[in-house]
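Below: one structure, written as structure tokens.
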Amino acid sequence: MTITLQNLKPFAGSKTKTKRVGRGNASGRGTYSGKGQKGQRARSGGRKGLTLFGLKKMLQSMPKKRGFKSLASRPVILHIKDLNIFESGFHIDPKSLLDRGLVRNIKDGVKILGDGELKVAVVISGCEVSKSAQEKIEKAGGKVQL
């Protein structure tokens with residue numbers, strides 16, 4: 001069936017009758033017509049128009065926060081000296097660091113920095129490693145797999 005001017009109809013439920021207020025108590029909106037009792041807001045012409053919250057008003061209502069919080073994810077920082085708890089030849093990845101309790105979450109990755117000395121030869125994979133940390137790992141006899 002083609003759409004023509006004769007068979008155009010509004011969507012079901014899109015057209016609703018306006019509620020007629022002040023038409024007696026039996027209508028459900030009689031007596032005070034939904035305005036409560038007395039006062040400026042109950043009178044005709046009372047109550048100034050509703051203020052729409054614009055962008056400026058919304059920004060003014062928010063508390064000020066100093067500084068800047070980046071939306072970019074940051075890896076968990078771990079230092080070389082913390083890896084001395086592992087045995088020599090151990091294969092270190094983010095999961096093993098989580099199991100040993102060295103990091104709390106590995107969602108954004110782990111980065112190993114070169115602070116301190118490494119006394120065991122370990123194999124590291126699945127972690128970001130700084131240049132100084134990589135040098136110290138290789139000096140201790142371990143290696144980094146990217």
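Read the figures in this text as sums done on the coordinates, not as results from a lab. Since the model is a prediction, treat every value here as computed from it, not as a measurement. Cβ atoms come from the backbone with ideal geometry, glycine included; neighbour counts cover every protein chain shown.
Amide H to amide H, which residues 5 or more places from Val129 or on other chains are under 5 Å from it, using H placed in the peptide plane?
Ile112
Using the Cβ atoms and a cut-off under 15 Å, what net charge is assigned to the surroundings of Gly89, where Lys and Arg are +1 and Asp and Glu are -1? Each step should come with its number before you reach the end.
On the way: positive: Lys119, Lys143; negative: Glu87, Asp93, Glu138.
Every neighbour counted, the sum reads -1.
With θ taken as phi - 60° and the coefficients 6.51, -1.76 and 1.60, list the Karplus ³J(HN,Hα) couplings across segment 69-84 in order, rounded to whole Hz; mark glycine and proline as x.
Result, rounded to whole Hz: 10, 6, 7, 5, 7, 10, x, 6, 8, 9, 9, 4, 4, 6, 7, 5.
Can you pull the one-decimal nm distance between simple spin-label points at Phe53 and Gln6, each 7 Å off the Cα toward Cβ?
For Phe53 paired with Gln6, the spin-label model returns 5.2 nm.
Straight-line reach only, C-alpha to C-alpha below 19 angstrom: list the lysines that Lys38 could link to, leaving out same-chain residues fewer than 8 apart.
Filter leaves Lys48.
Give me the number: length gained by fully extending Glu135 to Ala26, i.e. 0.36 nm times residue separation minus the C-alpha to C-alpha distance, one decimal in nm.
Taking 0.36 nm per residue and subtracting the Cα distance, the gain is 30.4 nm.
Counting only residues 5 or more places away or on other chains, whose amide H sits under 5 Å from the amide H of His79 once H atoms are built in the peptide plane?
So His79 has HN proximity to Leu113.
Would you mind listing how long segment 76-145 runs along its three principal axes, going by Cα atoms, in whole Å with the largest first?
29, 22, 20
PRE reach from Ile77 (point 7 Å along Cα→Cβ): which of segment 84-111 fall under 12 Å by backbone N?
Within reach of a label on Ile77: 111.
Say a site is exposed when it is one of the GluC sites (Glu not before Pro), sits in a DSSP loop, and has at most 14 other Cβ atoms within 10 Å; what is then the longest site-free stretch of the chain?
1-86
Which of the lysines could a cross-linker span from Lys64 if the Cα-Cα distance has to be under 28 Å and same-chain partners fewer than 8 positions apart are dropped?
Result set, ordered by chain and number: Lys56.
State log₁₀ I(q)/I(0) for the chain at q = 0.10, 0.13, 0.18 Å⁻¹ as given by the Debye formula over alpha-carbon point scatterers of equal weight, solvent excluded.
The computed values of log10 I(q)/I(0) come out as -0.62, -0.78, -1.02.
By a straight-distance test (C-alpha under 19 Å), which lysines pair with Lys136 as possible cross-link partners, with residues fewer than eight away in the same chain excluded?
Within the straight-line cut-off, Lys136 pairs with Lys81, Lys111, Lys119.
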